[in-house]
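One structure is given below, encoded as structure tokens.
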Amino acid sequence: MAAFQKFFSLFFFQLVITISLLDLTSSQGLQLGFYKRTCPNAEYIVHDTLYKFISRDPTLAAPLLRMHFHDCFIRGCDGSVLLNSTKNNQAEKAAIPNQTLRGFNVIDAIKSELERKCPGKVSCADTLALAARDAVLMIGGPSWIVPTGRRDGRVSISSEALNGLPSPFANISTLKQNFVSKGLTVKDLVVLSGGHTIGIGHCFIISDRLYNFTGKGDTDPSLDPKYASQLKKKCKPGNTKTFVEMDPGSFKTFDEDYYSVVAKRRGLFQSDAALLNDVETNTYVKLQAVTNGITFAKDFANSMVKMGHIGVVTGKQGEIRKNCAIVNY
């Protein structure tokens, strides 16, 4: 990790040089080097604070990436997933799909350091976007440019997350609709699904797939029988605590193995298996599987840039939260 930290510092030095030469603004108000005057070391602070966590626990990369995804898909990338529920409102955190999220403490730690160095300057939405990028890079994945300038939303509603996030039980038609509604393509769907190369899945999510797929005590026929048997040894009926690896054998490393897993009909969720049920997604899965992910890293970086622009709040909209879990008063 020490060698990587040296490389990563060099990467950021080069990025800062690039930003000093270019003042690029996106069509939605995001800008490379947005904080170069108000908090010039913002990205270094995010990196250095995050590294202290990832170096001790690389498994935190997956939930941070997932958190960013869940944030952007509900109300856009505005940090709304970070807000706590209040007496009068159940926030996105309370929604069933978000109850297994973790890593909020990491974002809080980064934000605290940013507030100490640059009070009221860096948004929670940008903090999360940068942390997700850096976490993936720290475990061997690609990097991508993260234009900043997102501001934080003040609204977070549990029911929106429950109904709006792509479901692990979804079929390919529903998944395509989910992504298209956010301005993403079918290719983005299959590429971003590759994020499942890291992380875990809880047994209770796949219980019906293993034991009661059609309500008749059967197993999902799209799941490789040998793999299903292995899963049943770990995931007994009614098990709510055990988890299994999304990408068995390399779930702590960001690589292209996910596509080989899916191609062998060993995708953990129904939404993973669904990628074989569409010509475009099936073709992409099999291409990456047989070519050792020839274009995956580049494609993932491109799709993450697109995702990071969904519904952003910029300019004078929203706010810069002092505490990511609580709106300013």
- What are the ³J(HN,Hα) values, in whole Hz, obtained from phi via the Karplus relation 6.51 cos²θ - 1.76 cosθ + 1.60 with θ = phi - 60°, for each residue of the range 74-82 in sequence order, with x given for Gly and Pro? 10, 6, x, 7, 10, x, 5, 5, 8
- Counting only residues 5 or more places away or on other chains, whose amide H sits under 5 Å from the amide H of Thr219 once H atoms are built in the peptide plane? Phe213
- Sorting Gly249, Gln288, Ala263 by the position of each Cα along the dipole of the range 220-329 (Lys, Arg +1; Asp, Glu -1; all at Cβ), the one nearest the positive end of that ordering is Gly249
- Share of carbon and sulfur in the accessible heavy-atom surface of the chain [1.4 Å probe, %]: 55
- Query: Among Asn171, Asn84, Asn212, which one shows the biggest mean-square fluctuation in a GNM of the chain, springs joining Cα atoms closer than 10 Å?
  - Reply: Asn212
- Would you mind checking which residues have amide H under 5 Å from Ile200's amide H? H placed 1.01 Å from N; only 5 or more apart, or other chain. Met246
- Item | Kirkwood-Stokes translational diffusion coefficient of the range 89-196, alpha-carbon pairs, 20 °C, 1.002 mPa s, µm²/s | 134
- Task: Could you do me a favour and compute the accessible area per residue for the range 219-258, 1.4 Å probe, result in Å²?
- Result: 58
- Message: Let me see the P(r) profile for the chain: every Cα-Cα distance counted, bins of 10 Å, each bin given as a percent of all pairs.
- Response: 6, 26, 35, 24, 8, 2, 0
- Quick calc: nm separation of the 7 Å Cα→Cβ label points for Lys52 and Tyr227 -> 3.9
- Query: Taking Cα centroids, how far is the range 178-245 from the range 255-329 in Å?
  - Reply: 16
- Per residue, accessible area of the range 109-152 with a 1.4 Å probe, heavy atoms of protein chains only, in Å², comes to 24
- Message: Which order do you get for Leu287, Leu83 if you rank them by accessible area with a 1.4 Å probe, largest at the top?
- Response: Leu287, Leu83
- Note on the structure: Rounded to one decimal in nm, the spacing of the 7 Å Cα→Cβ label points at Gln90 and Asn302 is 4.0
- Item | Net length gained if the chain between Leu276 and Thr38 were fully extended (0.36 nm per residue, minus Cα distance) | 80.9 nm
- Pick from Lys216, Lys234, Lys298: which residue has the top mean-square fluctuation in a GNM of the chain where Cα pairs under 10 Å get a spring? Lys216
- Task: Name the residues whose placed amide hydrogens come within less than 5 Å of the amide hydrogen of Thr148, ignoring near sequence neighbours (fewer than 5 apart) on the same chain.
- Result: Gln31, Leu32, Gly33, Phe34
- Query: Too long at a 27 Å Cα-Cα cut-off: which of Lys226/Lys252; Lys252/Lys298; Lys93/Lys121; Lys233/Lys264; Lys36/Lys252?
  - Reply: Lys36/Lys252
- Query: If you plug each phi of the range 239-246 into the Karplus form 6.51 cos²θ - 1.76 cosθ + 1.60 with θ = phi - 60°, what whole-Hz ³J(HN,Hα) values come out, in order, with x for Gly and Pro?
  - Reply: 6, 10, 10, 6, 10, 10, 6, 5
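The values are calculated or read from the model by the stated rules, or taken from the named source; none is laboratory data. Quick caveat: nothing in here was measured; it's all calculated off a predicted structure. Every residue, glycine as well, gets a Cβ built from its backbone with ideal geometry; the counts of neighbours run over all protein chains shown. To get the accessible areas, we keep the full protein, side chains included, count just its heavy atoms, and leave off ligands, DNA and RNA. Shrake-Rupley method; radii C 1.70, N 1.55, O 1.52, S 1.80 Å.
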